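Student: Before anything else, here's the structure in question.
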Amino acid sequence: MADDERRWRPETKAVRAGLERTPFGETSEALFLTSGYVYDSAEEAAARFAGEAYGYVYSRYANPTVRMLEERLAALEGAEACMATASGMSAMFSALACQLESGDHVLAARQLFGSCHQVITKILPRFGISFTLVDGADIDEWRAGLRPETKVLFLESPSNPVLSLCDISAVAALAHEAGARLVVDNVFATPILQKPIELGADVVIYSTTKHIDGQGRTLGGAVLGTQEFISERLQFFLRHTGPSLSPFNAWVQLKGLETLPMRVRRMSETAQTIAEWLEERLGPGRVLYPGLASHPQRELAARQMAAGGSLVSFRLEDDRNFVFRFMNSLQLIDISNNLGDTKTLITHPASTTHSGLTEEERAAQGVTEGLVRLSVGLEHPDDLLADLEQAFEAARA
Ligand SMILES: *Cc1c(COP(=O)(O)O)cnc(C)c1O
């Protein structure tokens, strides 16, 4: 990546970083829907496979459209290198599996996205990798959870769906003292509102399905880190296990990235307005949002995030009938477990994203029956407030 690209501001990077034009001089990023590549000679093919000549060999390994997305994401994140994957979960799984082996231990925050929880507690243990889950907000628990065989610390901040935070700098410092790496799932904050690598994290992962696509069209993921981590650990694992991002999805996400800074800031402003309105209506302690003065970690939020983000969770009565009546009464806001979309979406985690967990596991994370999660989109805030208001009235009638 050119040095001047590194110095651009996020808005400029989002539109221009990583752009590589063909001799046709197309304005927009080219879409290379090709699985393979041809060579001028057999010698050239042999040289590319040997890594002695530059060039693409197969789209499971690399593709020019996917490459543009990777370069643009790396520039926005301020990371040395990036590899895109087919989904956020393949990014998460690969980022861990590429650096772990039997006998290793993973230390993770308990407040996790459902599938991340399943990977750490059900899938990795089948390969002899043990784990400990701690309260991500409690640095003493992180310290106490470390073992000599701990190789990876993993966290999500803010976490899905309770929006609790982890002190990324403090957890990174603990990881490095112990000779381990910190992997951060930065989906909720996005690279616009939080920079885990600047805070000390070694690896950052994204589900590009969320704010980066931003319009609910494609699945994708990304892993970012040092050139050494990507080249020495991740690249081999991804190339040979094959969760490659489709060039078409990469192209859609490149276009999504162009408006990411504007969308995320606007959605976060609307989310702040809604969180304040909900807190007035529901009372203190019922709204979980890092931008609220009542958030138990508001100082940490101000230190490591530029704003509260686009997700707001809130606690209604622990009565599924009431919660479902409220959700079913919404006329504008859609019921959907996706997030980061331009359309405002609402979900009931206990019966959807977190239904695969046991009741005890849900309770330990604070995923109660009455908890709902709102992913705030780009509609006018007044229309969203009016919809919430009429749904509260209808549900209580
Ligand atoms: C959605 C999500 C994932 C998984 O991403 P997919 O693209 O759905 O595979 C991982 N972590 C968090 C926090 C998410 O919200």
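The values are calculated or read from the model by the stated rules, or taken from the named source; none is laboratory data. A quick note: this is a predicted structure, and the numbers were derived from the prediction, not measured. In this analysis, Cβ positions are derived from the backbone assuming ideal geometry, glycine residues included, and neighbour counts consider all displayed protein chains. Ligands, DNA and RNA are excluded from the accessible area calculation, which covers all protein heavy atoms including side chains. Shrake-Rupley method; radii C 1.70, N 1.55, O 1.52, S 1.80 Å.
Student: Quick check: Cα centre of segment 202-234 to Cα centre of segment 261-283, how many Å?
Tutor: 26
Student: May I pose another question? Over all distinct Cα pairs, what is the inverse of the mean 1/r for the chain, reported as the Kirkwood hydrodynamic radius in Å?
Tutor: Evaluated over the chain, this radius sits at 21.8 Å.
Student: Moving on. Report, in whole Å, the centroid distance computed from the Cα atoms of segment 328-397 and segment 67-109.
Tutor: Cα centres, segment 328-397 to segment 67-109: 29 Å.
Student: Please work out how much length the chain gains when fully extended from Asp318 to Ala173, using 0.36 nm per residue of separation minus the C-alpha to C-alpha distance, in nm with one decimal.
Tutor: Result: 48.3 nm gained on full extension.
Student: Rounded to the nearest 20 debye, what is the charge dipole size of the chain about its Cα centre when +1 sits on each Lys and Arg Cβ and -1 on each Asp and Glu Cβ?
Tutor: That gives the chain a dipole magnitude of about 320 debye.
Student: Right, here's the next one. Among Ala301, Ala14, Ala46, which one moves the most in a GNM of the chain with springs linking Cα atoms closer than 10 Å?
Tutor: Result: Ala46 has the largest fluctuation of those listed.
Student: Using only Cα atoms and rounding to the nearest 10 degrees, what angle (0 to 90) does helix 381-396 make with the longest principal axis of the chain?
Tutor: 50
Student: At 1.4 Å probe size, with no ligands or nucleic acids counted, give the accessible surface of Cys166 in Å², nearest ten.
Tutor: Its heavy atoms expose roughly 0 Å² to the probe.
Student: Continuing with this model, one more query. When ligands, DNA and RNA are left out and all protein chains stay put, how many square angstrom of accessible area per residue does the chain have with a 1.4 Å probe?
Tutor: In whole numbers, the chain has 42 Å² accessible per residue.
Student: Given a 1.4 Å probe and the protein chains all in place, what does the accessible area of Glu101 round to, in Å² to the nearest 10?
Tutor: The value for Glu101 is about 130 Å².
Student: Suppose only helical runs count, i.e. DSSP H with n ≥ 4. What mean residue ellipticity at 222 nm does that imply for the chain under -39500 (n - 2.57) per run, divided by all residues and rounded to the nearest 500 deg cm²/dmol?
Tutor: Counting only the DSSP helices, I get -11000 deg cm²/dmol.
Student: Here's a follow-up. Give the calculated FRET efficiency between Glu198 and Glu379 to the nearest 0.05, with a Förster radius of 30 Å applied to their Cβ-Cβ distance.
Tutor: Result of the calculation: an efficiency of 0.40.
Student: Magnitude of the Cβ-charge dipole of segment 273-356, K/R +1 and D/E -1, about the Cα centre, nearest 20 debye?
Tutor: It works out to roughly 80 debye.
Student: How high is the FRET efficiency between Glu228 and Ser351 when r is their beta carbon distance and R₀ equals 45 Å, given to the nearest 0.05?
Tutor: Taking R0 as 45 Å, the efficiency between Glu228 and Ser351 is 0.55.
Student: Turning to a different aspect of this structure: Using r as the Cβ-Cβ distance of Thr241 and Val38, and R0 as 30 Å, what FRET efficiency do you calculate, to the nearest 0.05?
Tutor: Efficiency for this residue pair is about 0.70.
Student: What residue among Asp334, Asp104, Asp383 has the largest mean-square fluctuation in a Gaussian network model of the chain, using Cα springs under 10 Å?
Tutor: Comparing Asp334, Asp104, Asp383 in a Gaussian network model of the chain, the most mobile one is Asp383.
Student: Mind checking segment 8-41 for GluC sites (Glu not before Pro) that DSSP puts in a loop (not H, G, I, E or B) and that have at most 16 other Cβ atoms within 10 Å?
Tutor: Within segment 8-41, the qualifying GluC sites (Glu not before Pro) (loop, at most 16 other Cβ atoms within 10 Å) are Glu20, Glu26.
Student: Using a 1.4 Å probe on the protein chains only, how many percent of the accessible area of the chain belongs to carbon and sulfur?
Tutor: Of all accessible area on the chain, carbon and sulfur atoms account for 51 percent.
Student: Which is farthest toward the positive dipole end of the chain among Gln390, Val38, Met262, measuring Cα position about the Cα centre, with Cβ charges +1 (Lys, Arg) and -1 (Asp, Glu)?
Tutor: Value: Val38.
Student: Can I ask one more? About the Cα centre of segment 209-353, how large is the charge dipole given +1 on each Lys and Arg Cβ and -1 on each Asp and Glu Cβ? Please answer in debye to the nearest 20.
Tutor: Using only the charged Cβ atoms, the result is roughly 220 debye.
Student: While we're on this one: How much accessible surface area, in Å² rounded to 10, belongs to the heavy atoms of Tyr61 with a 1.4 Å probe?
Tutor: Ignoring ligands and nucleic acids, Tyr61 comes out at about 60 Å².
Student: Rounded, prolate or oblate: which fits segment 322-364 when a ≥ b ≥ c are the square roots of the eigenvalues of the alpha-carbon gyration tensor, with rounded for a/c under 1.5 and prolate only if a/b beats b/c?
Tutor: Oblate.
Student: Continuing with this model, one more query. Need the full-extension length gain, Leu282 to Leu19, defined as separation in residues times 0.36 nm minus the C-alpha distance. One decimal, nm.
Tutor: Length difference between fully extended and current span is 89.9 nm.
Student: Between Glu80 and Arg147, what length comes free when the chain is fully extended (0.36 nm per residue of separation minus the Cα-Cα distance, one decimal in nm)?
Tutor: 21.2 nm
Student: Place +1 on the Cβ of every Lys and Arg and -1 on the Cβ of every Asp and Glu in segment 260-396, take the dipole about the Cα centre, and give the residue among Leu371, Val287, Leu311 whose Cα lies farthest towards its positive end.
Tutor: Value computed over the given set: Leu311.
Student: Using θ = phi - 60° and the Karplus relation 6.51 cos²θ - 1.76 cosθ + 1.60, list the HN-Hα couplings for segment 75-85 in order, rounded to whole Hz, with x at every Gly or Pro.
Tutor: Per-residue couplings from phi come out as 5, 5, 7, x, 9, 5, 8, 8, 10, 8, 9 Hz.
Student: Could you order Arg263, Arg396 so the one with the most accessible surface comes first? Probe is 1.4 Å.
Tutor: Listed by decreasing accessible area, they come as Arg396, Arg263.
Student: Given the options Ile205, Ile168, Ile139, which has the most mean-square fluctuation in a GNM of the chain, springs set between C-alpha atoms less than 10 angstrom apart?
Tutor: Ile139
Student: If each of Ser102 and Arg126 carries a label point 7 Å out from its Cα toward its Cβ, how far apart are those two points in nm?
Tutor: 1.5
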